[in-house]
Amino acid sequence: MPVDAGVGVSAGMLVLGIESSCDETAAALVRDGHEVLSSVISSQIKLHAAYGGVIPELAAREHLKNITPVVEAALREAGVSMGDVEGLAITSHPGLIPALLVGNAYAKGLAAAQGVPVVGINHFEGHLYGSFLEHPEELADRGNYPVLGVVVSGGHTALVLLEADGRARMVGTTLDDAAGEALDKAAKILGLGYPGGPIIDRLARNGDPRRHKFPHGLCGGGGRPVPPEHRFDFSFSGVKTSLLYAIKGLELNDRELADVCASYQAACMDVLVAKAMDAARRFGARLVCLCGGVACNSYLRAHLAEACADASLKLLLAPPKYCTDNAAMIGGLGWHYLRRGWADGLDAPVAARLPADLGVFPFACDAPQERPSAVL
Ligand code: KG4
Ligand code: ZN
């Protein structure tokens with residue numbers, strides 16, 4: 001898509017994106033917001049697997065060790081040098097503070113040394129942008145708005161509505177665990193390893209999703225009506241507890257384990273599909289985007305695709321390489337900020353949480369506008 005360069009920035013601007021919000025150290029070179037020249041990811045999964053979850057201080061130490069080699073590898077793979085980079089984008093929120101601090105200090109130091117601008121990026125917004133990296137034409141298609149983003153990861157389970165003017169509004173979120181967390185915790189209960197999402201996805205393929213009846217959180221089951229204010233919200237703590245009771249004292253053989261995984265996965269994913277479709281109808285969405293690590297899930301991809309086809313709704317499934325944490329989504333999104341001159345000072349903060357008001361996601365709108373006031 002030929003996108004106008006906008007404020008004070010040449011077309012073809014090369015951005016170095018860096019991601020260090022959780023347990024992946026990643027760097028990517030992205031030109032023009034969508035041409036990914038390289039995307040390098042160093043995962044710490046093995047380190048944290050021993051603890052069954054991410055330990056923030058360990059993650060920070062690993063980022064510190066890996067960040068220079070990862071950036072160097074990204075430059076090498078892209079066939080460019082640091083001198084070619086015209087701006088930096090770094091995940092600044094939400095995430096684990098010690099992990100974020102490493103990436104932000106590094107990116108700001110590099111930007112200052114090179115004399116180029118740097119912008120802090122909302123990781124959640126980055127996941128949504130990941131759906132569009134290979135499809136900038138869908139971003140430009142005004143007929144796609146409002147877009148319903150289904151952002152499902154280890155940290156988020158959210159339905160976000162994106163208007164044509166870039167305004168983003170959270171219409172539903174989880175009241176307790178995120179969907180990825182529900183899968184990771186289930187895998188821990190079942191003694192399957194970490195992270196649980198991909199393992200459950202694989203084992204569930206040989207199982208019967210109707211074998212066990214696990215509760216569907218905030219869907220009105222068991223005679224408990226859903227409070228209207230939680231119509232588009234999620235809750236995964238009940239399904240986890242019911243798994244705990246369902247397998248208590250049992251020695252599961254392979255067949256039984258596959259059935260448990262399939263039924264548990266279906267209980268989590270069916271809720272996501274049902275609520276996404278309900279929200280798409282209610283808010284008149286024209287395009288649904290599925291993104292975030294859990295968007296790799298084969299059951300979720302197939303069932304959301306089926307539901308969208310039935311409802312004649314367009315669907316954009318983020319490619320798996322841009323579902324889990326990566327820096328291409330950060331570098332690509334950074335271009336939309338930097339081309340408007342929306343850079344940050346070296347004293348810009350990092351934050352553990354998403355802001356209550358998501359503000360404007362500039363990648364969705366054409367016109368350069370005033371940068372909304374501070375989001376953190
Ligand atoms: O987006 P991501 O890499 O990190 C966060 O921002 O949280 O998402 C990681 C989550 C983990 O909970 C992991 O279990 C889940 O994504 N995940 C999956 C699959 N692949 C990764 N969940 C279900 N099925 C998968 N195939
Ligand atoms: Zn993520």
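Of the residues making up the range 175-206, those that are open to solvent by less than 20 Å² (accessible area, probe 1.4 Å) and in a loop (DSSP other than H, G, I, E, B) are D177, A178. Here R169 passes the criteria (1) open to solvent by 10 Å² or more (accessible area, probe 1.4 Å); (2) at pLDDT below 95 except the one numbered (2). Would you check if A327 is over 21 Å from D165 (Cα atoms) and either open to solvent by 40 Å² or more (accessible area, probe 1.4 Å) or more than 16 Å from ligand 1 (Cβ to nearest atom) (or both)? No; evaluated as a whole, the condition is false for this residue. In the range 160-193, what residues are within 16 Å of ligand 2 (Cβ to nearest atom) and under 16 Å from Q265 (Cα atoms)? Residues satisfying the conditions are D177, A178, A179, G180, E181, A182, L183, D184. For the condition among the hydrophobic types (A, V, I, L, M, F, W, C) and more than 21 Å from L162 (Cα to Cα), A318 does not qualify. Restricting attention to the range 276-294, the residues that are open to solvent by less than 10 Å² (accessible area, probe 1.4 Å) and closer than 14 Å to D233 by Cα add up to 3.
Within the range 147-171, being more than 22 Å from E370 (Cβ to Cβ) and assigned to a loop (DSSP other than H, G, I, E, B) holds for S153, G154, G155, H156. So, in the range 92-107, of the ones that are in a helix (DSSP H, G or I) and open to solvent by 30 Å² or more (accessible area, probe 1.4 Å), which residue ends up nearest to S153 (Cα to Cα)? My answer is I97. Of all the criteria given as (1) within 22 Å of the chain's Cα centre (by Cα); (2) away from ligand 2 (no atom under 16 Å from the Cβ); (3) crowded, with 22+ Cβ neighbours inside 10 Å; (4) not small (G, A, S), the one not satisfied by N297 is (2).
Taking the numbered list (1) within 16 Å of ligand 2 (Cβ to nearest atom); (2) within 23 Å of N66 (Cα to Cα); (3) not acidic (D, E) in turn, L110 passes all entries but (1). Can you confirm whether F214 is within 16 Å of ligand 1 (Cβ to nearest atom) and among the aromatic types (F, W, Y)? Yes: the conditions hold for F214. Entry remark, the range 301-322: residues being open to solvent by less than 40 Å² (accessible area, probe 1.4 Å), closer than 12 Å to A276 by Cβ and not in a helix (DSSP H, G or I) number 1 in total.
One line per residue, one yes/no per condition, for (1) away from ligand 2 (no atom under 16 Å from the Cβ); (2) touching a Gly at 6+ places or on another chain (Cβ under 6 Å):
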| site | (1), (2) |
| --- | --- |
| V70 | yes, no |
| D84 | yes, no |
| P94 | no, no |
| G115 | yes, no |
| E125 | no, no |
| L133 | no, yes |
| P146 | yes, no |
| A158 | no, no |
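Among the candidates A74, A89, A59, the residue that is part of a helix (DSSP H, G or I), open to solvent by less than 20 Å² (accessible area, probe 1.4 Å) and touching a strand residue (DSSP E or B) at 6+ places or on another chain (Cβ under 6 Å) is uniquely A74. Of all the residues in the range 26-54, those that are of a type in the set (A, V, I, L, M, F, W, C), open to solvent by 60 Å² or more (accessible area, probe 1.4 Å) and part of a loop (DSSP other than H, G, I, E, B) number 1.
The residue that is farthest from ligand 2 (Cβ to nearest atom), counting only those in the range 300-315 that are touching a residue at least 24 places away in the same chain (Cβ under 8 Å) and of a type outside the set (A, V, I, L, M, F, W, C), is K314.
Would you mind stating whether A318 is within 16 Å of ligand 1 (Cβ to nearest atom) and either in contact (Cβ under 8 Å) with a residue 40 or more places away in the chain or of a type in the set (A, V, I, L, M) (or both)? So A318 passes the test.
Just one of the numbered conditions (1) within 23 Å of the chain's Cα centre (by Cα); (2) within 18 Å of L159 (Cα to Cα); (3) at pLDDT 95 or above; (4) more than 16 Å from ligand 2 (Cβ to nearest atom) is not true of R282: (1).
The values are calculated or read from the model by the stated rules, or taken from the named source; none is laboratory data. Since this is a predicted model, take the numbers as computed values, not measurements. Heads up, the Cβs are rebuilt from the backbone with ideal geometry, glycines too, and the neighbour counts pull from every protein chain shown. Accessible surface areas use protein heavy atoms only, side chains included; no ligands, DNA or RNA. Shrake-Rupley method; radii C 1.70, N 1.55, O 1.52, S 1.80 Å.
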